[in-house]
Amino acid sequence: MRVVHLAVTMLLLCGAPCAGDVLPSASSHDHAWFVVTRGAVLELYHYARSTDGPYYDRGLPLTQVPRAMAAWGNQLWLIFETAGRRDVVSTQVYRNPDLGGWHHRPHDRFRAVGPLEALGELVDVTGSPGGPIVLLRPTARARSGVRAGAGSVASEPVLGRPTLLKLSGRQWVDVPLPEGFEPGAGCRLVAGGQHGRTLILLNPSPERSAAAVYRLDRGDGGSWTRSDVSVPAGRIRALTAVGPAVALVTQTAETNSFDVVYLRPWHVLPLLTGFDAPGGAWAVLGLSDGLAVVESSTEGELSIRRIDPVSGRVGESRPMTPQPLMAARLLHRPLLLALAVTAIMAVLMFRPLPAKATISLGPTQIVAGPVPRVVGVCVDVAVAAGATLIVLRCPPADLARMPLWSTDLMQSVPFLLMLGLTILHSTVTELITGRTLGKILVGARVVMVDGDRPAARAILVRNLFKALVLLIPVLAVVALINPHGQGLGDLMARTVVVRPASTVSEHARNDR
């Protein structure tokens, strides 16, 4: 009987591992946690909505599956049951603003919150701004004893009525329940509304076609209000906050699909109907910008797909990977700086000396000024930027994510593609005509320092260093301080950008 009682309790638990298809999890507006089993190893994983990819952070190892989990903000609470004792522990995640990653603190252990000494069955738990809130009810044995007569259970301490407890500091404080409230199978508890001030109890009827919804606005100190709403038939998988709204997830065993509806005070608003349930252990987690379905395979591999909070459209399943190591996220920065230093040293060692004596242009050529050169480069980059937006279908802002300033090199893929396309079409056009699209527009061209047409080797060297300047824009200062406006590429290739002398006014010639 005790084994049967334990199995029933596990089936009623929200967020606890109750069956092979349930992923132990909890979520808040911006964070989600889930327990993943890899062989005999249990680990707590964390996912942040603000991450730049489907990354998870491996948190603390576990010795057993938690009895229940609840979260609010950046904090997670776990309840463990051992030999009739309930221990409550907590952990928090913090973001390193320089490295862009999330980490648990402390990183090697949980913080003890205090034991939950109240008796009875744990029906559900939810996180709130002030701490976790738990719903308890008398055990099945106690309920049967009450029906049969008090004498059958008088020898054991029992919980005589349903109880709602809130953690305040290190003490559990009683929260009054609605008059005559009796939590049934599938009863759920969640904190919703603005800033989590509204406490919601969902108590399905035995027919599972309707449910009593109790609401308590703790911010105003009001009393419970009740409404009866129709809910989709099936097993209740989750009642979770999605921003200020609350979503109900039910699963239909016959079709192995799940439905999602928004819970309103007097009715439900369908969001997703008849979506095929994942094959492994899974959970639907509520975040501030929508719902996320996280699935764990039998090997412990994770995947995630998002559900649009307005249209209900389900996105593609994306494999989740561990958060990149901090060293790997920032390794490209010192490499880029090393390339910059190497380029400057190469120019100092191999550039022609003296600089002024290396330029011998004909009477029809004059060195192009900084303004037309900048305009020409902008035109060349704009052409590549347009092609990049078409290929990647990314927002224009992503093109500004330069590797030198981003914490993750993957963020700079649009910029790197734009740079590569710029160098590609510039090299090809300069090899053919000695001019790029931008230089054609401003009437400039590339020549050798003696005014002759540049060789193919010179064009290749010039564009190689031009790519380095675009990658590390600070290197453009070389062209500003050079008397002939030669950049790194020009100095190494012994080239110069010129314009026809006829386009320059007589006053400008006299100035030279």
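The values are calculated or read from the model by the stated rules, or taken from the named source; none is laboratory data. Everything quoted here is computed from the prediction, not taken from an experiment. Counting neighbours? That spans all protein chains shown, and the Cβs are built from the backbone with ideal geometry, glycine included.
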Exercise. State yes or no: is residue 241 of a type outside the set (S, T, N, Q), at pLDDT 90 or above and closer than 26 Å to residue 32 by Cβ?
Key: yes
Quiz item: Taking the stated definitions as given, is residue 64 more than 20 Å from residue 322 (Cβ to Cβ) and within 17 Å of the chain's Cα centre (by Cα)?
Solution: no
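Within region 183-197, track down each residue that is surrounded by 20 or more Cβ atoms within 10 Å (Cβ to Cβ) and outside any loop (DSSP other than H, G, I, E, B).
From region 183-197, those surrounded by 20 or more Cβ atoms within 10 Å (Cβ to Cβ) are 183, 186-192, 196; that's our starting set.
Once the filter is applied, which keeps residues that are surrounded by 20 or more Cβ atoms within 10 Å (Cβ to Cβ) and outside any loop (DSSP other than H, G, I, E, B), region 183-197 yields 188, 189, 190, 191, 192, 196.
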Quiz item: Does region 321-344 contain at least one residue that is modelled with pLDDT of 80 or more, buried (at least 17 other Cβ atoms within 10 Å of the Cβ) and not in a loop (DSSP other than H, G, I, E, B)?
Solution: no
Practice problem: For region 462-488, name all the residues that are within 43 Å of the chain's Cα centre (by Cα), assigned to a helix (DSSP H, G or I) and more than 18 Å from residue 375 (Cβ to Cβ). | Solution: 462, 463, 464, 465, 467, 468, 471, 474, 475, 477, 478, 488
Quiz prompt | Residues (of a type in the set (A, V, I, L, M) and surrounded by fewer than 19 Cβ atoms within 10 Å (Cβ to Cβ)) located in region 77-112 | solution = 83, 89, 99, 112
Quiz item: Are there any pairs with C-beta distances below 9 angstrom linking a residue in region 197-216 that is assigned by TED's automatic domain parsing to the domain that holds residue 183 to a residue that is outside any strand (DSSP E or B) and acidic (Asp, Glu), with the two at least 6 apart or on different chains, and if so which?
Solution: 197/220; 203/182
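Limited to region 435-461, what total is found for residues that are out of contact with any Asp or Glu (no Cβ under 9 Å at 6 or more places or on another chain) and either part of a strand (DSSP E or B) or of a type in the set (Val, Ile, Thr) (or both)? Before you say what the answer is, go through the steps one by one.
Pass one, region 435-461, residues out of contact with any Asp or Glu (no Cβ under 9 Å at 6 or more places or on another chain): 435, 440-444, 447-448, 450-453, 455-458, 460-461.
Keeping just the survivors that are either part of a strand (DSSP E or B) or of a type in the set (Val, Ile, Thr) (or both) gives 440, 442, 447-448, 461.
Here the count works out to 5.
Here is a yes/no grid of residues against (1) of a type in the set (A, V, I, L, M); (2) under 21 Å from residue 170 (Cα atoms); (3) not in a strand (DSSP E or B):
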{"position": "86", "(1), (2), (3)": "no, yes, no"}
{"position": "89", "(1), (2), (3)": "yes, yes, no"}
{"position": "93", "(1), (2), (3)": "yes, yes, no"}
{"position": "114", "(1), (2), (3)": "no, yes, no"}
{"position": "117", "(1), (2), (3)": "no, yes, yes"}
{"position": "122", "(1), (2), (3)": "yes, yes, no"}
{"position": "130", "(1), (2), (3)": "no, yes, yes"}
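Any residue at all in region 278-297 that is outside any loop (DSSP other than H, G, I, E, B), hydroxyl-bearing (Ser, Thr, Tyr) and without any contact (Cβ under 8 Å) to a residue 60 or more places away in the chain? Don't jump to the end; show me each part of the working.
Applying the first criterion (outside any loop (DSSP other than H, G, I, E, B)) to region 278-297 yields 281-287, 290-296.
If we keep only those that are hydroxyl-bearing (Ser, Thr, Tyr) as well, we get 296.
Okay, now just the ones that are also without any contact (Cβ under 8 Å) to a residue 60 or more places away in the chain, so none.
Checked against the condition, which is being outside any loop (DSSP other than H, G, I, E, B), hydroxyl-bearing (Ser, Thr, Tyr) and without any contact (Cβ under 8 Å) to a residue 60 or more places away in the chain, region 278-297 yields no hits at all.
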Quiz item: Taking residue 6, is it more than 27 Å from residue 203 (Cβ to Cβ) and either in a strand (DSSP E or B) or modelled with pLDDT under 85 (or both)?
Solution: no
Quiz item: Do the conditions hold for residue 472, that is, is it buried (at least 21 other Cβ atoms within 10 Å of the Cβ), among the β-branched types (Val, Ile, Thr), in the same structural domain as residue 490 (by TED's automatic domain parsing) and in contact with a Leu (Cβ under 6 Å, 6 or more places away or on another chain)?
Solution: no
Practice problem: Can you run down the residue pairs with Cβ atoms below 7 Å, 6 or more apart or on separate chains, where the first is in region 298-312 and touching a residue at least 60 places away in the same chain (Cβ under 8 Å) and the partner is in a loop (DSSP other than H, G, I, E, B) and of a type in the set (D, E, K, R)? | Solution: 309/289
Quiz prompt | Which numbered condition residue 361 fails, given (1) in a helix (DSSP H, G or I); (2) modelled with pLDDT of 65 or more; (3) closer than 19 Å to residue 482 by Cβ | solution = (1)
Quiz item: For region 233-252, does any single residue satisfy the condition of being more than 17 Å from residue 286 (Cβ to Cβ), in contact with a Pro (Cβ under 7 Å, 6 or more places away or on another chain) and in the same structural domain as residue 311 (by TED's automatic domain parsing)?
Solution: no
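Looking at 209, 205, 223, 168 in this structure, which one is within 24 Å of residue 88 (Cβ to Cβ), of a type in the set (Ser, Thr, Tyr) and at pLDDT below 90? Lay out the reasoning, then the answer.
Working: 209 fails: within 24 Å of residue 88 (Cβ to Cβ); 205 fails: within 24 Å of residue 88 (Cβ to Cβ); 223 fails: within 24 Å of residue 88 (Cβ to Cβ).
Going through 209, 205, 223, 168 in turn, the sole match is 168.
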